[in-house]
Amino acid sequence: MKTVRIATRGSELALWQARYVQGLLKEIGLDSELIIIKTQGDQIQHLSFDKMEGKGFFTKEIEEALLNNTADLAVHSHKDLPTAQPPGLVIAAVSDREDPSELLLIRKLAYDERAKFHVKKGAVVGTSSARRKAQLLSFRPDVALTDLRGNVPTRINKLREGNYDAILLAAAGVERLEIDLSEFMVERLDPREFIPAPAQGVLALQVREQDEDLRKLVSKLNNEAVSRVIGLERKVLQLFQGGCQMPVGVYAEYDDETELYRIRASRSQTWADRPVNVCLESKTYETLAQHTVDRINNVRPGAVFITREVNENSHFRNVLEGNGFTVAGRPLIETKLIPFSTLPACRWIFFASKNAVKYFFRQQPRLDGQKFGCVGKTTADALRAEGYRAEFIGSQADTRLIGKQFAARVGSETVLFPQAKGSMRSVQQQFVKKDQVVDLPVYETIQRNADAIPAADILVFTSPSNVEAYFEKHTVLSSQTVVAMGDATASALRKHSIHHPGMPDTFDEAGLARAVFVVAGR
């Protein structure tokens, strides 16, 4: 076969991607050469993406090169491609997926260990992505957003020069270029919390539909598993009729163990609006994208009561009130310290709640290099505020599954569990060797006055103790919907005939907010 002409943009990252594909083509016996093309997105540097007209800012001219036969194959960052292919062109293959996360690069003087995402209050953050702007403001409404354009090294240099306190970039691009980031603090944002662009981290190899020989050869490079999950992500984007400038984030996963597809999606009307976020799962691939879009479109705001304090910095409050909900919250229990005198010998310490962290460290224990595990990100953040980092963080709301994963990580080492008196011990029960588990009660719960709870359409229970305190004085009306923070809380609700509460997908405020949006969109 003749030498394959590869159309690519001329940025350092685009050239890396094209050369990477050249190497793959070489492995299947194809020689190639690069043809560098300047796109509209490369030429217009003074506007943010949401202010540019049309779609395909980084792809249109490259696709035209394929159509007019001045190139044979195009290498795209898949997230840049419009969801509809131009007539005559097809995606012959998609690459393996690099890390789809966002990186928040922070100048060291702007780093704050105690703040969400660890960037200081009022920081100037650079990004031109409407999706990144909308999501960042939902977590950190105090930051000042400033547009940031240019290729990856140019953007990082602008941060280095002090034009910003922090910038947001796709992890895949930074890591492909192997850029030294040692002068900055780097925060990797979990794609289950800060939702990436559909198909982020994936390369698309595009050819002419009629070029059957090349199409067949290139298809040998296709990663079918990646193709299916990003197919879900791009289908959601297509159903929203959005391009790469629309404030839509979608992240899909497939779980081999449960055989479930799971989608997390975030959509706002503009970058300045708070996003609606949902998480849905199904074994039925074909309808999941449509169900996700329908659930977001069908959200009807109402009054929410949650059994915890929700201050003005709360992401839960921010996104719900930004979408027309009213939010009230207060705990129906009090917590009281249980003192301990000595710390049992252990290699690991696992925390199942922020209160466990709080009351454990309040007693100034003498530690000896132990490793830490946490049930979720909120608990891990509380641990980090004490000056320690978790080496294991649960990423789901099923404590039994978290327990199995943690037990596998720990092996035969001894684990200490600071906990509430009378804890349900959902994580500990997943350990086969019971003698490696050491329980340490560090606090107890006491019911508070549960009178005068405001009227609510949606009740969110954050612990079994709060469930019991609520039902001492109240019942759940048929018109009310219930959300339970995890399986232990759901089990407590079943004792009061609440059998199918909404469930968050993660143990944090973002997971709780997604659960409320899901039940409000039924």
Of 103, 148, the only residue that is of a type in the set (A, V, I, L, M, F, W, C) and either under 17 Å from the mean Cα position of the chain (by Cα) or at pLDDT 95 or above (or both) is 103
Output the residue which, of all residues in the stretch 218-265 that are among the polar types (S, T, N, Q) and farther than 16 Å from residue 292 by Cα, is surrounded by the fewest Cβ atoms within 10 Å (Cβ to Cβ). 258
Spot the failing condition for residue 440; the list is (1) under 25 Å from residue 190 (Cβ atoms); (2) not in a loop (DSSP other than H, G, I, E, B), and only one is missed. (1)
Based on what the data block shows, is residue 438 touching a residue at least 40 places away in the same chain (Cβ under 8 Å), in the same structural domain as residue 363 (by TED's automatic domain parsing) and surrounded by fewer than 19 Cβ atoms within 10 Å (Cβ to Cβ)? yes
In the stretch 330-351, what count of residues is obtained for those that are modelled with pLDDT of 95 or more and either crowded, with 18+ Cβ neighbours inside 10 Å or under 29 Å from residue 298 (Cβ atoms) (or both)? 5
Any chance residue 478 is at negative phi, in contact with a helix residue (DSSP H, G or I) (Cβ under 9 Å, 6 or more places away or on another chain) and of a type in the set (S, T, N, Q): no
Given (1) out of contact with any Gly (no Cβ under 6 Å at 6 or more places or on another chain); (2) aliphatic (A, V, I, L, M); (3) touching a residue at least 60 places away in the same chain (Cβ under 8 Å), identify the lone condition not met by residue 427. (1)
Residue 279 vs (1) of a type in the set (A, V, I, L, M, F, W, C); (2) touching a Pro at 6+ places or on another chain (Cβ under 9 Å); (3) modelled with pLDDT of 95 or more; (4) assigned to a loop (DSSP other than H, G, I, E, B): all pass except (4)
Set 487, 451: member being under 18 Å from residue 375 (Cβ atoms), touching a residue at least 12 places away in the same chain (Cβ under 8 Å), surrounded by fewer than 20 Cβ atoms within 10 Å (Cβ to Cβ) and of a type in the set (Asp, Glu): 487
Across the stretch 397-435, which residue is surrounded by the most Cβ atoms within 10 Å (Cβ to Cβ) among those that are of a type in the set (A, V, I, L, M) and part of a helix (DSSP H, G or I)? 402
Could you say which residue among 199, 171 is touching a residue at least 24 places away in the same chain (Cβ under 8 Å), surrounded by 14 or more Cβ atoms within 10 Å (Cβ to Cβ), under 30 Å from residue 314 (Cβ atoms) and of a type in the set (Gly, Ala, Ser)? 171
For the stretch 118-135 the number of residues that are out of contact with any helix residue (DSSP H, G or I) (no Cβ under 8 Å at 6 or more places or on another chain) and either within 21 Å of residue 198 (Cα to Cα) or assigned to a loop (DSSP other than H, G, I, E, B) (or both) is 7
Take the residues of the stretch 6-26 that are among the polar types (S, T, N, Q) and part of a helix (DSSP H, G or I): which is surrounded by the fewest Cβ atoms within 10 Å (Cβ to Cβ)? 22
Under 6 Å by Cβ, and 6 or more places apart or on different chains, what pairs join a residue from the stretch 249-271 that is more than 22 Å from residue 98 (Cα to Cα) with one that is of a type in the set (Gly, Ala, Ser)? 268/134; 271/130; 271/134
As an exercise: evaluate residue 507 against (1) touching a residue at least 40 places away in the same chain (Cβ under 8 Å); (2) touching a helix residue (DSSP H, G or I) at 6+ places or on another chain (Cβ under 7 Å); (3) buried (at least 24 other Cβ atoms within 10 Å of the Cβ); (4) part of a helix (DSSP H, G or I) and give the number of the one condition it does not meet. (4)
Please work out which residue is nearest to the chain's Cα centre (by Cα), limiting yourself to the stretch 253-276 and to residues that are farther than 30 Å from residue 137 by Cβ and among the acidic types (Asp, Glu). 255
Determine whether the stretch 342-357 contains at least one residue that is in contact with a helix residue (DSSP H, G or I) (Cβ under 7 Å, 6 or more places away or on another chain), outside the structural domain of residue 311 (by TED's automatic domain parsing) and among the charged types (D, E, K, R). yes
Does residue 238 meet the test of being part of a loop (DSSP other than H, G, I, E, B), outside the structural domain of residue 63 (by TED's automatic domain parsing), polar (S, T, N, Q) and modelled with pLDDT under 95? no
Could you give me the residue pairs with C-beta distances under 6 Å whose first residue belongs to the stretch 1-30 and is without any contact (Cβ under 8 Å) to a residue 12 or more places away in the chain, whose second residue is buried (at least 17 other Cβ atoms within 10 Å of the Cβ) wherever it lies, and which are 6+ apart or on separate chains? none
Pick from the stretch 174-196 the residues that are over 20 Å from the mean Cα position of the chain (by Cα) and in contact (Cβ under 8 Å) with a residue 60 or more places away in the chain: which of them is surrounded by the fewest Cβ atoms within 10 Å (Cβ to Cβ)? 183
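The values are calculated or read from the model by the stated rules, or taken from the named source; none is laboratory data. Because the structure is predicted, anything quoted here is derived from the model rather than measured. Neighbour counts are summed over all protein chains in view; Cβ atoms, including those assigned to glycine, are modelled from backbone coordinates with ideal geometry.
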